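Single-structure report; data block below.
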Amino acid sequence: MGIGGQSAGPLYALTRRLARRTRLGRQWVERGLGARSITSPYGPRFAANWGDHTFRYYMRGTYGFEYADYLTEQTNPFVFLDIGANQGLYSVLAARNPNCLWVTAFEPVPKTARLLARNLALNAVAKRVSVVEAGISNTESKAIIHIPTGHSGAASLKPSGGGGASERLEVALVNHTRLDQIRMPDAPLIVKIDVEGHEDTVVAELLKSAHARAITSVFFECDTALNDPGQICARLEKSGFTAFRKIGTGQHYDMLAER
């Protein structure tokens, strides 16, 4: 069974693995030729950005395929909210699913947001995605984000979360009142959160928003050095989430919560 409950036979699984290996082979050829965009093992292409850890993780399939499959295998209409979208892996995957009605992607770092927009265009899904150049917090304000050298995905509002951060940048923050202003199709809302230690605050704002009742699943990053996964799960449980699946092991893993 997939993490979304869909079943997949052994032939389907084998075909999918072979497709990923083929993409990895194609990727090495494209890199050798100096291609400006590279095929990822997830399927979509991304603007070549080899100096960035997150891009290299995209290329290696480091983030795993369980949540990628969860998004691509949704068979009913849904809306996707990508908080901490970075260069757009999950926004692109969701938008490529014909059952996805709309994607809203939050990415507060301007340089990364530009890469996100470029990758949406590369995959011909830009018209189905709204990019909001802001982070979500419990206030409407400006804040300093810490960006480690060569690792856009580790940008954090927490100084300790930036481990060796070389750049400090002021970015915009919005709270649940701004979320309330975003118009979304009337369909189940799937949410992904990857905000380097700010997850609990984001979840709290989501649950205050007018869209809270539409949320059917929340996928969020857990790092016991940056956040308290138990506290986040308890908050979601109080709001009707009953199924929690841990993906990964150790200090750093992901969690999928579903109603």
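The values are calculated or read from the model by the stated rules, or taken from the named source; none is laboratory data. Everything quoted here is computed from the prediction, not taken from an experiment. Neighbour counts are summed over all protein chains in view; Cβ atoms, including those assigned to glycine, are modelled from backbone coordinates with ideal geometry.
Looking across region 214-224 at every residue that is under 20 Å from ASN138 (Cα atoms) and touching a Leu at 6+ places or on another chain (Cβ under 9 Å), the one that is surrounded by the most Cβ atoms within 10 Å (Cβ to Cβ) is identified as VAL218. Count of region 126-136 residues, restricted to those that are buried (at least 20 other Cβ atoms within 10 Å of the Cβ) and either out of contact with any helix residue (DSSP H, G or I) (no Cβ under 7 Å at 6 or more places or on another chain) or part of a loop (DSSP other than H, G, I, E, B) (or both), is 2.
ALA143 passes every criterion in (1) surrounded by 17 or more Cβ atoms within 10 Å (Cβ to Cβ); (2) out of contact with any Phe, Trp or Tyr (no Cβ under 8 Å at 6 or more places or on another chain) apart from (1). Inside region 119-133, residues that are out of contact with any Ser or Thr (no Cβ under 9 Å at 6 or more places or on another chain), closer than 16 Å to LEU89 by Cβ and of a type outside the set (A, V, I, L, M) make up a count of 2.
Contact annotation: residue pairs with Cβ atoms under 9 Å, 6 or more positions apart or on different chains, pairing a residue in region 25-47 that is at pLDDT below 95 with a partner that is of a type in the set (Ser, Thr, Tyr), are ARG26/THR39; GLN27/THR39; GLN27/SER40; GLU30/SER37; GLU30/THR39. Counting only residues that are within 23 Å of LEU71 (Cα to Cα) and assigned to a helix (DSSP H, G or I), region 179-204 holds 5 of them.
Quick one: how many residues across region 88-136 are farther than 19 Å from THR75 by Cβ, touching a strand residue (DSSP E or B) at 6+ places or on another chain (Cβ under 7 Å) and among the hydrophobic types (A, V, I, L, M, F, W, C)? Here the count works out to 14. The listed residues are ALA113, ALA121, ALA95, and the only one of them that is part of a helix (DSSP H, G or I), modelled with pLDDT of 95 or more and more than 16 Å from the chain's Cα centre (by Cα) turns out to be ALA121. Can you say whether ASN123 is crowded, with 22+ Cβ neighbours inside 10 Å, in contact (Cβ under 8 Å) with a residue 24 or more places away in the chain, among the polar types (S, T, N, Q) and closer than 27 Å to GLN27 by Cα, as far as the supplied structure shows? No; evaluated as a whole, the condition is false for this residue.
Determine, yes or no, whether GLU107 is farther than 19 Å from LEU256 by Cβ, surrounded by 15 or more Cβ atoms within 10 Å (Cβ to Cβ), modelled with pLDDT under 95 and not hydroxyl-bearing (Ser, Thr, Tyr). Criteria not met by GLU107. For ALA172, the test of being assigned to a strand (DSSP E or B), of a type in the set (Gly, Ala, Ser), over 22 Å from THR139 (Cα atoms) and modelled with pLDDT of 95 or more is failed. Would you check if there is a residue in region 190-197 being among the small types (Gly, Ala, Ser), over 23 Å from VAL79 (Cβ atoms) and in contact (Cβ under 8 Å) with a residue 24 or more places away in the chain? Yes: one or more hits. If I ask for residues that are surrounded by fewer than 14 Cβ atoms within 10 Å (Cβ to Cβ), out of contact with any strand residue (DSSP E or B) (no Cβ under 8 Å at 6 or more places or on another chain) and polar (S, T, N, Q), which ones from region 225-259 would you list? Across region 225-259, the qualifying residues are GLN231, THR249.
Scanning region 128-150 for residues that are among the β-branched types (Val, Ile, Thr) and touching a residue at least 60 places away in the same chain (Cβ under 8 Å) yields a total of 1.
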